[in-house]
Structures are given as structure tokens and as C-alpha cells.
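J.: There's a structure below that I have some questions on.
The values are calculated or read from the model by the stated rules, or taken from the named source; none is laboratory data. Here the structure is a predicted model, which is why all the values come from computation and not from measurement. Ideal geometry is used to build each Cβ from the backbone, glycine not excepted, and the neighbour counts take in all protein chains shown.
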Amino acid sequence: MAAGARILDLVVPERCLACGAGEELLCAACRAALLRLRGPLCARCGAPTAWPVARCAECAGRRLPFASARAAVAYEGPARALVAAWKERGIRRGAALAADLVADVVWRPETDALAFVPADSDRARWRGVATAEALARTLGVRWGLPVVPLLERTRRVRPQRGLARVERRENVRGAFSARTAPGVVALVDDVYTTGATAAAAARELRRAGARAIHVVTFARAVRH
């Protein structure tokens, strides 16, 4: 699958992943349709809010092990189509487009290093791409920050898709371990849905010595 994905990247003409038109991964119209999350936002979890707040209804009362979470776009419409192609079909060029959008919307974090949520090795081999790592490494070049593989998976987990919030937390509990971490870490993932994966990974980074973790993702689920 990995070799096949690389060959397809080279020989298949680009078409918009959302509408099928044009000669780009996302055409100009679909890029314009992306809901960029510039604010106002919850200072802690990054959810869109009517006005800036320290904690919002989505994260109030939760013990979050990360200091902040930010995403470039809402996980809907063209963004969902891009993630599906990038993550499920191994469209490797998705990392560059996602990184461009993140760098345009999200402030460069004040951090010692970028880390990433590690992919399940079997799924990554099948898809031909580890999306969080690819995004982190591309952002590392954009932002001039080192990328350090601080986390590893300790066990396989069920796909999070379709699970309720409590089930997601249980699914990833104890799924990661971390090596000694620097004081401030930016943790990169492709999508923030309920925050369960980010929280599980951040918790291990805290145990490994990080004083603060700032989560950065391409897309974020948004409640309407």
C-alpha cells in the first residue's frame, strides 16, 4: 500500500478532493469554504466561542493535561474530505497543504520542540503515511523547530471513529508512553475531536517531565 500510494502521488493528476474540480488538492472555492478558526476562541481548548473565554462549556470541569489546543480549520466540509483522503487513502501531499493552513492560522508556539501523536504502525504501513508525524515534520520546517519522537504506542487501540466521548477516553487510556521530555512541548495531531487522544498523549508527556504541552492540529470538530 505504501509503495502504491507513492506511485499514485506521482502519476495521478491532482483534482480537488472535495469537489473533483480544478488541478489542486483543494480548489480555490473549497479553500475559501474552509472555516478557519481565527477566533474568538476558548483559551484552553480552542473551541470557537462568542467572545474570548478562559474555559468554555466544552472543556469546563475537565482536567486537561495540556495548556492549550489550537487548530487551523473546523473539521467539516472540504477539511473532512482532505483528511479522509490524506489519512485513509494515503494522499501524501495532504501534509503540505495542511501545514500551510496551520501556519497561516495558528501562531507559532513558544516551545522547545514539536512532538507528534504516533500512528498505529500497521495502519500507517497500510495507508502509506503517518499523518501526525508528516504534519509535525512539515511544520518543523515552516516554523524552524526541531521535531522529536517523544511518544510511542504501548498497545493497539480501536479506531476512535464512532465512539462516544467516554468510550474514546477509555480506548486510549494507557495507550502511549513517553521518553524524557523538554520543558515545553507542542504536540501535533491531524484532528482534534473530543480531545481524548491529545489528553492521553499529553498526560504521558507531563509524566516524562514536560511542564506545559500545547496541542496543534490541522482540524477540530466544532459544535454548532
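J.: Cβ-Cβ distance below 9 Å, separation of 6 or more or different chains: which pairs start in region 64-82 with a residue that is on the phi > 0 side of the Ramachandran plot and end on one that is assigned to a loop (DSSP other than H, G, I, E, B) and modelled with pLDDT of 95 or more?
T.: GLY77/LEU34; GLY77/LEU35
J.: On to the next question. Mind telling me which of the residues VAL141, VAL166 ends up being β-branched (Val, Ile, Thr), part of a helix (DSSP H, G or I), at pLDDT below 95 and surrounded by fewer than 17 Cβ atoms within 10 Å (Cβ to Cβ)?
T.: VAL166
J.: Considering (1) crowded, with 17+ Cβ neighbours inside 10 Å; (2) more than 13 Å from VAL216 (Cβ to Cβ); (3) at pLDDT 75 or above, say which one ARG127 fails and leave the rest.
T.: Of everything listed in (1) crowded, with 17+ Cβ neighbours inside 10 Å; (2) more than 13 Å from VAL216 (Cβ to Cβ); (3) at pLDDT 75 or above, ARG127 misses just condition (3).
J.: Output yes when any residue across region 33-55 is modelled with pLDDT under 95, under 18 Å from LEU187 (Cβ atoms), touching a Lys or Arg at 6+ places or on another chain (Cβ under 8 Å) and not hydroxyl-bearing (Ser, Thr, Tyr), and no when none is.
T.: Taking every residue of region 33-55 in turn, none turns out to be modelled with pLDDT under 95, under 18 Å from LEU187 (Cβ atoms), touching a Lys or Arg at 6+ places or on another chain (Cβ under 8 Å) and not hydroxyl-bearing (Ser, Thr, Tyr).
J.: Can you confirm whether region 86-100 contains a residue that is assigned to a strand (DSSP E or B), of a type outside the set (Ser, Thr, Tyr) and modelled with pLDDT of 95 or more?
T.: Within region 86-100, none of the residues are assigned to a strand (DSSP E or B), of a type outside the set (Ser, Thr, Tyr) and modelled with pLDDT of 95 or more.
Quick grid of which residues meet (1) farther than 22 Å from GLY46 by Cβ; (2) modelled with pLDDT under 95; (3) surrounded by fewer than 22 Cβ atoms within 10 Å (Cβ to Cβ); (4) not polar (S, T, N, Q):
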{"position": "ARG155", "(1), (2), (3), (4)": "yes, yes, yes, yes"}
{"position": "GLU170", "(1), (2), (3), (4)": "yes, yes, yes, yes"}
{"position": "ARG173", "(1), (2), (3), (4)": "yes, yes, yes, yes"}
{"position": "GLY183", "(1), (2), (3), (4)": "no, no, yes, yes"}
{"position": "THR194", "(1), (2), (3), (4)": "no, yes, yes, no"}
{"position": "ARG207", "(1), (2), (3), (4)": "yes, no, yes, yes"}
